[in-house]
Every structure is written in structure tokens, then in C-alpha cells.
Amino acid sequence: MVLIVLPSVVLPDIGTDTKQIVALMALFAGTLVFVEYNAVYPSLVEFRDGAPFNRIRYLMLLAIVLFLSVIVADRDDPTTVSRLFHALGMVIGEALDFPYSPVRLATFMLTETATAEQVQDLRTAAGTAYLISLVSLAVFVIVLKLAGWPSTKSAFNVWVNLPTFEPTAGGDVVDRLERDSRVNLAVGFLLPFVVPTLIAVFTSGLPITTITSSQTLIWTMAAWAFLPASLLMRGVAMARVADMIRTKRDRKIAEDEASAAADRAEEGRDH
């Protein structure tokens, strides 16, 4: 709920109708997450018991929305903090704006009629959001390595943590997890390059303010940076789950073979 209402709280001159709609959406999202985490049987949220996967994803999206909200607020109501964030965002955007980079491609969402200031605003937002997503992805990988996720101290229920994955759909579970992991990694890598083109096509002919307005710019850039990083994290997590299942399966096979060999040896001594 805090995440959804954050832009409306930070941005100046938000209308009453907008605040009411945002409050309703925040209430719905908060209720959905609360029910999902307290229900016995999962339905949509993945890795519900696989902390800190969802915590890192949430903090990543919260940081992106917060930074972008402060940066965009600097356009209409500048303060010392907003000017600092805006200046840092401009430096980040300029640094990441090189040929064929996702930030450079993000600026292509704007038409040729866009002003230099609008291009700069989009570059600043895209660079800031993309850097936060990259840092969050690096933190996630480091935490996985240091904590040995998924933890072997408690049982890891694949169905609870992957409710949309059907383990009995056919084929080996490990092979399917690894295949899905590779698909998520590939889509997550390509998405920052493909999304700007799709947005440019779908918004063709619309006013330039369709993208550069405050709320739209924040949520568009947040989704553009968050979704690829989230898919990459999901791909890494599914690969780790596949490794865990393979390790436990191999250990079980080895234990069964050792037990069978001991039984045969015992029978041989009896004879």
C-alpha cells in the first residue's frame, strides 16, 4: 500500500480524484498480499516462504518508485533533497546513455517532436531506475551465495513457493525447472531492449505528454526496470531450486544404493 500511494504523496498538485483512485488501488493490493501470505494454500505469489526473494524485489521496486518520485517532483516543487536526487539522476543517466544501451533505447520511446528537456527527464528516470535494478540484482545474487538459498535448515515446499508451476505436468521436474529458468533469464535480458520499441509503437500518434507526465513517467520507468530484473531473479531462483532437488535426489539414490549393498552383504554373511 505504501508503494502504490508513494508517488501521490511525494508529487505536488495531485488532484483529489487521483488520490481516491490510488487509495482504492492500494487497499486492493494490500488486501491481496495480506490474504495471499496468510492463506494455507497459495495461489499467485511465488516464493512466499523463500525469503528474502520477495523482500529484495519489493525493496527494489520501492527504491525505484521513491527515487523517481523525488526526481520528478523537482520539476514543479524543487527542494534541496529533490535537487540532489535530480542531479545524481542526471549524472547516472548520462553515464548509462551510450550506444545500444537500454537507457539509450528507452529515449527512443519519445517521438522526434520531444523537446530536449523531455528527453533529459526520460534519460534521467531510465538511468536511475536501471541502475537500482542492477544493484538489486547484484545484491540478490550475493545474498543467495552467502545464505545458501534456499535454506537447507527447513523444508522447502516447491508447491507453496511455485504455485503456478505444475510438477506433475509431464517430464522430469529438474529439466523443466532448468528450462523455465533459461527462458526467464533470456526474456529478462531482452525485455529492456524490446519494451521501448513496443511502447513507441503503441503510443504512436498520442501526445508526447502521454509518457512524460509525472505519474506515467514514474510507473513506466519503474515497470521497464523492475520486470526484467524480476525475471532474471526468478530465473536464478528456479535454477537454484533445480540444483537443490537434484542434490537431494542424488543423495537419496546414493543412500538407497548403500542400504541395498549393506542388505546384500548381510544376506551373504547369513548364507
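Read-outs: derived from the displayed coordinates by stated rules, not from any lab. Remember, predicted model here, so these are calculated numbers, not experimental data. Cβ: placed from backbone, ideal geometry, glycine included. Neighbour counts: every protein chain shown.
Summary table below
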{"item": "Sites Y100 and R264, calculated FRET efficiency, Cβ-Cβ separation with R0 45 Å, nearest 0.05", "result": "0.10"}
{"item": "Inter-part distance where segment 87-133 and segment 49-81 are each reduced to a Cα centre, Å", "result": "17 Å"}
{"item": "Listed residues G127, G188, G148, most fluctuating in the chain (Gaussian network, C-alpha, under 10 Å)", "result": "G148"}
{"item": "Sorted by Cβ neighbour density within 10 Å, fewest at the top, the residues R234, R176, R264, R83", "result": "R264, R83, R176, R234"}
{"item": "Per-pair calculated FRET efficiency, R0 = 22 Å: T18 and R75 via Cβ, rounded to 0.05", "result": "0.80"}
{"item": "Of P102, P42, P192, the one that fluctuates the most in a GNM where the chain has Cα springs shorter than 10 Å", "result": "P42"}
{"item": "Fully extended contour minus Cα-Cα distance, from S43 to L84, at 0.36 nm per residue", "result": "10.5 nm"}
{"item": "For segment 24-76: rounded, prolate or oblate by the Cα gyration tensor [a/c cutoff 1.5]", "result": "oblate"}
{"item": "Helical segments meeting 27 Å axial Cα length and Kyte-Doolittle -0.5 threshold in the chain (DSSP H)", "result": "16-38, 53-73, 116-147, 173-202, 214-270"}
{"item": "Residue (of A51, L84, A265) at the positive-pole extreme of the chain, dipole from beta-carbon charges", "result": "L84"}
{"item": "Mean ellipticity per residue at 222 nm, deg cm²/dmol - from DSSP H runs of n ≥ 4 across the chain, formula -39500 (n - 2.57)", "result": "-25500 deg cm²/dmol"}
{"item": "Efficiency of FRET between T115 and R246 - r from beta-carbon atoms, R0 51 angstrom, step 0.05", "result": "0.40"}
{"item": "Choice from E255, E94, E117 with maximal GNM fluctuation in the chain (Cα, 10 Å cutoff)", "result": "E255"}
{"item": "Per-residue Cβ neighbour rank within 10 angstrom, fewest leading, D121, D250", "result": "D250, D121"}
{"item": "Taking W224, W159 and counting other C-beta atoms within 10 Å, the order from fewest to most", "result": "W159, W224"}
